[in-house]
Amino acid sequence: MNYDENIIENDYEDSYDVFYDNETYEDYNGYYLQDELGWSDQMIGDVLDGEPDAYWNID
């Protein structure tokens, strides 16, 4: 890995921490994504617009 790739990789990791620092697991308790795959409420809300049953459509 060269220097430029390292900067981009570290920037991504830092931005992930900012958005998902206070993850919760209460709103979508009982859904496959949360119970089996461990997705947080914030990830389900952001990625699937709050529709936890839409996981089959992720590309």
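With respect to the numbered conditions (1) open to solvent by 50 Å² or more (accessible area, probe 1.4 Å); (2) part of a loop (DSSP other than H, G, I, E, B), which one is the sole condition not fulfilled by TYR55?
Every listed condition holds for TYR55 apart from (2).
Please specify each residue of segment 18-52 satisfying the condition of being modelled with pLDDT under 80 and open to solvent by less than 80 Å² (accessible area, probe 1.4 Å).
To start, the set of residues in segment 18-52 that are modelled with pLDDT under 80 comprises 18-21.
TYR20 - this is the single residue of segment 18-52 that is modelled with pLDDT under 80 and open to solvent by less than 80 Å² (accessible area, probe 1.4 Å).
The values are calculated or read from the model by the stated rules, or taken from the named source; none is laboratory data. Just so it is clear, the structure is predicted and the values come from calculations on it, not from any experiment. Quick note on the areas: whole protein, heavy atoms, side chains included, nothing else; ligands and nucleic acids left out. Shrake-Rupley method; radii C 1.70, N 1.55, O 1.52, S 1.80 Å.
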